[in-house]
Amino acid sequence: MKNTLLATAVCAVLAAATTVQAKSFEIGGGATYWYSIDEAKDKSFDRDGLAYYVSSEIFLANYLAIALEVEKMPEDFVFLEEDMYLPAAYLILGDGIYVGAGVGGYYYDGEFEGDPWFALRGGFKIPFFSNALVLDVNVNYRTEKWDDIKNADDKIGSETLMVGAALRLAF
């Protein structure tokens, strides 16, 4: 049920984005440093790390955008044997300085796992080269729970702070 709900939400966002006349589109990549606020039961669990992500923004109006991202967690994250990806969608309000809210999930070993996570984001964008290149610097607060992810060694729930930066081409 929860995977169906997440897939439906992502499809609705994508459908809305393709039917609205967008001001512009940005695509690129970046990195995020994450830090888990809560301490896991297992002391060998990494409380912080660096993850990479692909980032895009679809502008629906002057101060309204949808950000679509896929984050790749580091190797052996939570002692998982395969790579874990975190696809996400954010609703962004603002232009140079912005705030947003998002939802995402965990994609592991060929399927979506666990409960969706929710995030709040704040950030600012700096344009370069006549607005053809954009640096996006952001801070995120994410609540997540890994109770149902197969091969995870521990039942882990966390609140995570993240600082990220992405460099995107603007069209």
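The values are calculated or read from the model by the stated rules, or taken from the named source; none is laboratory data. Worth saying up front: this structure is predicted, and the values here are computed from it rather than measured. When we count neighbours, we look across all protein chains shown, and the Cβ atoms used for this are built from the backbone with ideal geometry, even at glycine. Remember, those area values only see protein heavy atoms, side chains included, never the ligands or the DNA or RNA. Shrake-Rupley method; radii C 1.70, N 1.55, O 1.52, S 1.80 Å.
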| Condition met for Asn151 (open to solvent by less than 30 Å² (accessible area, probe 1.4 Å) and either modelled with pLDDT under 85 or under 20 Å from Tyr52 (Cα atoms) (or both)) | no
| remark: In region 55-66, anything open to solvent by 30 Å² or more (accessible area, probe 1.4 Å) and either within 19 Å of Val137 (Cβ to Cβ) or in a loop (DSSP other than H, G, I, E, B) (or both) is listed as Asn62, Tyr63
| remark: Among residues of region 120-147 being in contact with an Asp or Glu (Cβ under 6 Å, 6 or more places away or on another chain) and modelled with pLDDT under 95, the residue most open to solvent (accessible area, probe 1.4 Å) is Lys145
| task | Provide a single number: the residues in region 115-131 that are closer than 21 Å to Ala101 by Cα and either touching a residue at least 60 places away in the same chain (Cβ under 8 Å) or of a type in the set (Phe, Trp, Tyr) (or both). | result | 5
| request: Filter region 67-97 for residues that are more than 17 Å from Gly29 (Cβ to Cβ), touching a Phe, Trp or Tyr at 6+ places or on another chain (Cβ under 7 Å) and part of a strand (DSSP E or B) and give the result. | output: Met84, Ile92, Leu93, Gly94, Ile97
| said: Condition (residue is surrounded by fewer than 17 Cβ atoms within 10 Å (Cβ to Cβ) and touching a Pro at 6+ places or on another chain (Cβ under 7 Å)) applied to region 74-89: is it met by at least one residue? | reply: no
